[in-house]
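Notes follow the structure.
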Amino acid sequence: MNVLKLEDFTTQEINEILDLAEEFKNGKKVDYQGKKIIANLFFEPSTRTHYSFDTAALRLGCRTQNFDAGNSSLKKGETLYDTVKTFEMFGVDALVIRHTENEYYKQLVNNIHIPILNAGDGTGNHPSQSLLDLLTIRQEFGKFQGLKAVIVGDIRHSRVAHTNFKIMQRLGMTVYTSGPLEYKEEGYNYVEFDDIIDKVDVVMLLRVQHERHEEEMKETKQQYHQQFGLSSSRVKGMKDQAIIMHPAPFNRNVEIADDVVECNKSRIFKQVQNGVYIRMALLHMVLGENV
Ligand code: NCD
């Protein structure tokens, strides 16, 4: 079983993953007793996703291998497929992969016979991130139906925006997007940030994905912050119960003001914590063993 994109899962299956993550949060114990090896293959930089998958595996009593892409035979011209096949032949039990190319997994799935967990493909999908976002929202509001969210920032280049926009709508939320017009995505319900901020339950901020741009951003950091950044005065305009989310890494005083990062509406570090429980649930699901 693979976890490549959320479209492959029914709404019921998604809720079951969230339930299992919640059980892990509440202390559920699973111990693979060092018998399973999880290989983390990150071909793009990562802190949270990489090391929370690693932490999740360790907490399940698995052992892990952390592939050092910068020091590997990729430098000698080896392909993604050949690298991944090599780890399969080592006998590892599951692969966690992040790669710059959209749908990189299509070239792998027919010939790789161990589970692949997609930790992000280019601007495409980021299923484990969306699941941890959903868990955070469900813990807060106890439901999805009827909630409103705005995702603000570089929508076009963000796999987090693409994945969340689709799954949140599927779960009955109304989703808006906002941010610089040059990063607007057609069909993604664009609105002016200041017109919507007082009406939504979730404000989800994004980092500008400079590494995916051919040109420099038009706005300076100060201009971005002024127009689209979540300042404490914008926070004051939010609904009482509304929350602030960000997949991180965040750029302080660009998309989010320094003093908003840990304010009482912010769930940013709670998202990080939930990421471990979600990844424990996903790993346990694909390893598929009753332990
Ligand atoms: C995001 C990613 O890599 O897609 N981060 C993450 O996984 N928590 C967002 C980003 O890099 O801006």
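The values are calculated or read from the model by the stated rules, or taken from the named source; none is laboratory data. From a predicted model like this one, the values you see are computed outputs, not experimental measurements. Cβ sites come from the backbone with ideal geometry, for glycine too, and all protein chains shown count toward neighbours. Quick note on the areas: whole protein, heavy atoms, side chains included, nothing else; ligands and nucleic acids left out. Shrake-Rupley method; radii C 1.70, N 1.55, O 1.52, S 1.80 Å.
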Task: Residues within region 235-281 that are free of Cβ contacts under 8 Å to residues at least 60 places away in the same chain, open to solvent by 50 Å² or more (accessible area, probe 1.4 Å) and assigned to a helix (DSSP H, G or I), tallied - done: 5
Task: Residue within region 67-88 that is among the β-branched types (V, I, T), away from the ligand (no atom under 16 Å from the Cβ) and surrounded by 22 or more Cβ atoms within 10 Å (Cβ to Cβ) present - done: yes
- [ ] Count, please, the residues in region 153-174 that happen to be on the phi > 0 side of the Ramachandran plot and open to solvent by less than 10 Å² (accessible area, probe 1.4 Å).
- [x] 1
TODO: Among the candidates T49, T55, T64, single out the residue that is under 24 Å from the mean Cα position of the chain (by Cα), within 19 Å of I278 (Cα to Cα) and more than 16 Å from the ligand (Cβ to nearest atom).
DONE: T64
Open item on the list: Consider region 73-96. How many of its residues are touching a helix residue (DSSP H, G or I) at 6+ places or on another chain (Cβ under 7 Å), farther than 11 Å from N40 by Cβ and outside any helix (DSSP H, G or I)?
Closed with: 1
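Within region 149-191, which residues are acidic (D, E) and either within 16 Å of the ligand (Cβ to nearest atom) or assigned to a loop (DSSP other than H, G, I, E, B) (or both)?
D154, E185, E186, listed by residue number.
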Task: Among residues of region 175-195, those that are open to solvent by less than 10 Å² (accessible area, probe 1.4 Å) and either among the small types (G, A, S) or in contact with a strand residue (DSSP E or B) (Cβ under 8 Å, 6 or more places away or on another chain) (or both), counted - done: 5
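Give the residues of region 200-248 that are within 18 Å of the chain's Cα centre (by Cα) and either hydroxyl-bearing (S, T, Y) or away from the ligand (no atom under 13 Å from the Cβ) (or both), sorted by residue number.
If we filter region 200-248 for residues that are within 18 Å of the chain's Cα centre (by Cα), which is where we start, we get 202-212, 243-248.
Residues satisfying the conditions are V202, V203, I243, I244.
Here is a check on your reading of the model: is R63 closer than 22 Å to K5 by Cβ and either open to solvent by 10 Å² or more (accessible area, probe 1.4 Å) or at pLDDT below 95 (or both)? Steps first, please.
On the way: closer than 22 Å to K5 by Cβ: no; either open to solvent by 10 Å² or more (accessible area, probe 1.4 Å) or at pLDDT below 95 (or both): yes.
Against the criterion (closer than 22 Å to K5 by Cβ and either open to solvent by 10 Å² or more (accessible area, probe 1.4 Å) or at pLDDT below 95 (or both)), R63 does not qualify.
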Open item on the list: The conditions are (1) more than 19 Å from L117 (Cβ to Cβ); (2) more than 22 Å from the chain's Cα centre (by Cα), and Y32 fails exactly one of them. Which is it?
Closed with: (1)
- [ ] Could you tell me whether F43 is aromatic (F, W, Y) and open to solvent by less than 70 Å² (accessible area, probe 1.4 Å)?
- [x] yes
Open item on the list: Can you tell me which residue is surrounded by the fewest Cβ atoms within 10 Å (Cβ to Cβ) among those in region 1-40 that are farther than 19 Å from A94 by Cβ and β-branched (V, I, T)?
Closed with: T10
